[in-house]
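Contents: one structure, followed by commentary.
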Amino acid sequence: MKSNVQDFTIGKPGKVILAFFLPMLMTNMLQQVYNFVDTLIVGKGLGDDAVAAVGNMGSLFFLIVGFSLGLSNGFGIIIAQSFGAKDYGSLRKNLASTIVLTAIITIFLTELSIIFLPLALEIIRTDSIIMNDCLKYGYFVFGGLVTTILYNIASCILRSLGDSKTPFLSIVISSVINVFLDWFCIFILHTGVEGAAIATVVSQLISAVICIWKLRTIDFIRLHKTDYILDGRRYALLLKNGLPMAFMNSITAIGCMVVQAFVNGYGVAFTGAYAVCSRYINLFMNPAWTAGTAMSAYTGQNYGAKKYTRIRKGLHVCLLISFVTYILFGSVMVFAGRFLANLILNEQDYISLALVYFPIAGSFLIMVDFLFVYRSAVQAMGRPFIPMLSGFAEMILRIATIVLFIDRIGFRATAFAEAAAWTGALLINLITYYIIFSRLKKKAG
């Protein structure tokens, strides 16, 4: 079945990107919406301290899941390049090697995250008031890490083949189940924060099963025993592309953990407000992140097919998408901050802190929106180490800003830390993209 597979090497760039982007946007927005609803249900059902506990796990969760997602994206680029070159034999071998590597890495990450969870919570100075809830939530989520990784890798492979509709369908179904289970566990069973964790794990499992089922129906990637023959060079190629992207996400997460540690040192109100602000940032940057993911699949296929001019045209489309969404969501953060804060939070000290964050972060949102597009283009053109370098820059700028300014300007330093990190990383990837593209033009000419 090839009905949902999209060849990005033919057709008008704007048309094929938008056809791919829109289902994926709905997919990612649904993910963020059910994360948002999860926070909303936890806040209204269990209180602001429970929101702080769940939010406090965000940077730790991103450290582990972000690593696996980076690997998935890196593996997906190799698969996209094989697909673009119409080398289906190599594609199948890359897919088989991806499955083996994913299984090994999943076992390692699950054990690592469970064993070191208490220590990690202490390192980021988690308040004793929320420590127990953090542990309960963390053990359930990390114990079910396999479901998240399975979904990430299966959906990345589908998107590399141009299929953004199946991940959308899987998220529609899992989102409904997740929201229902959140409500049922917290309001009916009175489970506490672990109920939200259980709902997340179950919904991710369902979305993973749907994506894997779809992969099994695509004829030209149907695997045979010979595809699993050990090939050291193939494993090395996958890891060469996957590990830098994985480390980039983890490095970014470490920077966020340092910020979280400083925030936690100022009390639960800071922790809770920061958790809610982070939820909104993740929600509002999502369209641009989706444009970046589209850029990755589009660039990977066209790079494999050596159609470099199409890459530039695709970049312009994705940048336009990012700019439009910045105008929309940046304005909401700047002008409707109180509405956003009141929607989740209950206590005035939490709300007041959020109100100093939103206008600053909303103004600089354009930086991270463009960062997603340029970074994805650079990655998909076979330069994964540059985005990793930009991840280091993000970490350094984020940490330096929070260390230097949180004592002077308080909670608003968290917003300036994000702005500094986004701007620095964008400049590195933007400059690199134009250097690479100019070389490709000379090579093609």
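Computed from the coordinates by the stated procedures, all read-outs in this text should not be read as laboratory data. No experiment lies behind these values; they were computed from the predicted model shown. Glycine gets a Cβ as well: all are built from the backbone with ideal geometry, and neighbour counts include every protein chain shown.
List of remarks:
- Net lengthening on full extension, LYS12/SER331 (0.36 nm per residue, minus Cα-Cα): 111.7 nm
- Computed about the Cα centre, the dipole magnitude for the range 13-444 is approximately 2480 debye when only Lys and Arg (+1) and Asp and Glu (-1) carry charge, each at its Cβ.
- √(5λ) per eigenvalue of the Cα gyration tensor, the range 13-444, largest first, Å: 34, 25, 20
- Percent of alpha-carbon pairs separated by more than 19 Å within the range 64-191: 61
- Using a Förster distance of 60 Å, the FRET efficiency for LEU189-LYS225 (Cβ separation, nearest 0.05): 0.85
- Cross-link reach is defined here as a Cα-Cα straight distance under 18 Å, omitting same-chain residues fewer than 8 places apart; for LYS307 the lysines meeting it are LYS12, LYS15, LYS86, LYS441, LYS442, LYS443.
- Cα-based equivalent ellipsoid of the range 1-117: semi-axis lengths in Å, sorted from largest, via gyration tensor: 35, 23, 9
- Cut-off of 10 Å, at most 15 other beta carbons, DSSP loop: longest stretch of the chain lacking such trypsin sites (Lys or Arg not before Pro): 307-445
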